[in-house]
Structures are given as structure tokens and as C-alpha cells.
1. Amide H neighbours of Leu154 under 5 Å, at least 5 residues apart or on other chains, H built in the peptide plane: list them.
2. Per residue of the range 308-315, what does 6.51 cos²θ - 1.76 cosθ + 1.60 with θ = phi - 60° give for ³J(HN,Hα)? Whole Hz please, x for Gly and Pro, Karplus curve as stated.
3. Ordering Met6, Met274, Met41 by accessible area with a probe of 1.4 Å, largest first, what comes out?
4. Please list 3J(HN,Hα) in residue order for the range 234-244, calculated via the Karplus relation 6.51 cos²θ - 1.76 cosθ + 1.60 where θ = phi - 60°; whole Hz, with x for glycine and proline.
5. Starting from the residue with the highest accessible area, list Leu22, Leu175 in decreasing order, probe 1.4 Å.
6. Skipping prolines and chain starts, which residues have an amide H placed within reach, meaning under 5 Å, of the one on Val200, given they are 5 or more residues away or on another chain?
7. Once you've got the Cα coordinates, tell me which of Lys23/Lys235; Lys89/Lys321; Lys174/Lys266 are over 32 Å apart.
8. Which whole-Hz ³J(HN,Hα) couplings does the range 152-168 yield from phi under the Karplus relation 6.51 cos²θ - 1.76 cosθ + 1.60, θ = phi - 60°, glycine and proline marked x?
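The values are calculated or read from the model by the stated rules, or taken from the named source; none is laboratory data. Note that the structure is a prediction, hence the values are computed from the model and not measured. Glycine gets a Cβ as well: all are built from the backbone with ideal geometry, and neighbour counts include every protein chain shown. Side chains are part of the model used for accessible areas, which takes the heavy atoms of the whole protein and leaves out ligands, DNA and RNA. Shrake-Rupley method; radii C 1.70, N 1.55, O 1.52, S 1.80 Å.
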Amino acid sequence: MAKNTMMRAVQYNTYGGGAAALKHVELQVPSPKQDEVLLKMEATSINPFDLRIQKGIVWPFLPRKFPHIPAGEVFEVGSGVKNFKAGDKVVAVLFNICGGGLAEFAVAKENLTVSRPPEVTAFQGAALPIAGLAAHECLLRTPGFNYEKTGQQLNLLITAASGGVGQYAVQLAKLGNAHVTATCGARNLDLVKSLGADEVIDYKTPDGAALKSPSGRKYDAVIHCATGFPWSTFKPNLSTNGKVFDITPTPSVFMTNALQKLTFSKKQLVPLLMTPKKEKLDFLLNFVKEGKIKAVVDSIHPLSKAEEAWAKSIDGHATGKIIVEP
């Protein structure tokens, strides 16, 4: 690509400020390093972690510098890239260290980029990282879970099951040996049931607030995609060795987990710390290709109105994934 070629992008220049802090700018198109590919963006999705970065919750680690571009088609490849060429359709996990996908172009590491089959749309592909990977990781860390549906059936609870991670968690769990109890708002009860959940509870009801299974089951694992539930609510609902995986852990979650390890507690609150892997993304993409899982898309926004997508994500009541397209 010719030097000094410009692109449209969205960025912010300081911590905080929410959607109002996002600025529309023109920047030079980035050049891929030796092990990177330059993507012409077709679609990207906003994840809760993007909002945490803006709030400064992961300071001083991210972003490395301001301004930060928060979170295709291969347009250009670095000299060391062997598996892709210009024109390839791909899905990639974008490093928050380098910025994200709210731009016309973005760079991605080759080792976090996979080919997108023609059966998978750009929107379906963009919705998959990081939400699908987070749900998949929780299941992989659940003792006894497998996708072969062998062994004893596990009892799983998935909170905020109509959200970005929750929708994938329900579908993936039902591909394995799990009975799924799920919580969501009243307007999404039918949707979550259609994704495969065995029991669906309105989180505003007494049973929903107490996270109690309608059939009286004790949970072997909880994929906790909501906020506002103390450990004391989870503990009586867990089986002897039950685990709660918190996908957006706060400092108190880490403290609780450390104390439980020190006291050799069998029931544990586990903060999810995930390192994306190309192989896992490709594994999930095959499920999408085969029609075994799908993305529920809440809304699609043009890049010119990215702040509306950002505000909707901050609101926290999206049904499925929020997508932005250039």
C-alpha cells in the first residue's frame, strides 16, 4: 500500500468519558510487521473488555499509549506471513495492545488469524471473538465436560444468557454433556430457550435473584456473564466441587479466589483469564460453518455512528452481539 494512505477510524484520548469521548478521525493506514496481516475491515464487534480498557480498569497494562482505537479481508501481508495472501477472507482476534477494529483497516497477528469459510458471513465471523472463545474456555476448564457427550451429565448455570458470551455458552454447552439452566430478562426467555437451554429463569423473579434451578439441581459449574451477584448467592447452589467462572472479574473476585485456594475450598470463584489461541478460534469457526452454533446479533452500526454502538454496549442490555461495519 502506498505510504500516507489515510483511513477513517474512531479513537479516544483519555480514560473514561464513555461514548461521548469517542472521536472520529483520519489516520494513516498501519503497515503490517513481519508476522502480521493488514485487514480491510468488513465487520467488528464490541466486547465488555473494550469498555473496561476505556474505564482504566486494566491500567497500567492497556492501552499502552493514547490515542487508543478500540475493538475482513486480507489486504496486505508481512514478509514473514506464509498462510495468507491478499484477498483471503479471514477472522482474527485483534490485540488491544495495538488497537482494535473500529477503523477501515487493522493489523492482526498471523497466529491469531484463521480463514473464514464461505458459509460464514462477515457478521457471524466478527461476533465470534472474544465472546465465543470466552464461553469455550469456561467449558474447557469445567471438570468432566466434553463435546463427545460422554460420561456423566453436568449441571451448568449460565447467567445473562442472552448476552454476547452467554448466547455462545448455552449453545456450546448443549453440544456437550450438559444440562443448562440459564438466566436472562423476561423479553429474552423464548430466545434463550430456542438456543437450547433446558431451564430459563427471569433474573428479576425470586428464583432468578437466588439463582435457583427450577428442578432443584446443584450446579457443577457456572458461567457468570452478569454482574452484581455476591459469592454468597452462588455457594449454596453449587455441587460439592462446583466452580463459578467470572468472565469480567473485579479485584474482589481475585481476592476471593486467593482466599479459597489458601483454605483448600472445593467450591471456588474463578476469574477467567484467557489467552486467545488460533486453534480454538478455528475449532469454533467450524461449528459456525456446520450450523451447530450461530451468533445472535443485537444491532449493526456503521463506523460513522460507532458511538451509538459503544453507548448500547455500556447500557448492558444488548441481546447478543453489537456489530460495527465500516
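1. Ala178, His179
2. For the range 308-315, the Karplus curve yields 5, 5, 4, 5, 5, 5, 4, 4 Hz.
3. Met6, Met274, Met41
4. 6, 3, x, 9, 8, 6, 3, 10, x, 10, 10
5. From most accessible down to least: Leu175, Leu22.
6. Amide H to amide H, under 5 Å and 5 or more residues apart or across chains, Val200 pairs with Ala182.
7. Lys23/Lys235
8. The phi angles translate into 5, 5, 9, 9, 10, 10, 10, 8, 6, 6, 8, x, x, 7, x, 4, 6 Hz.
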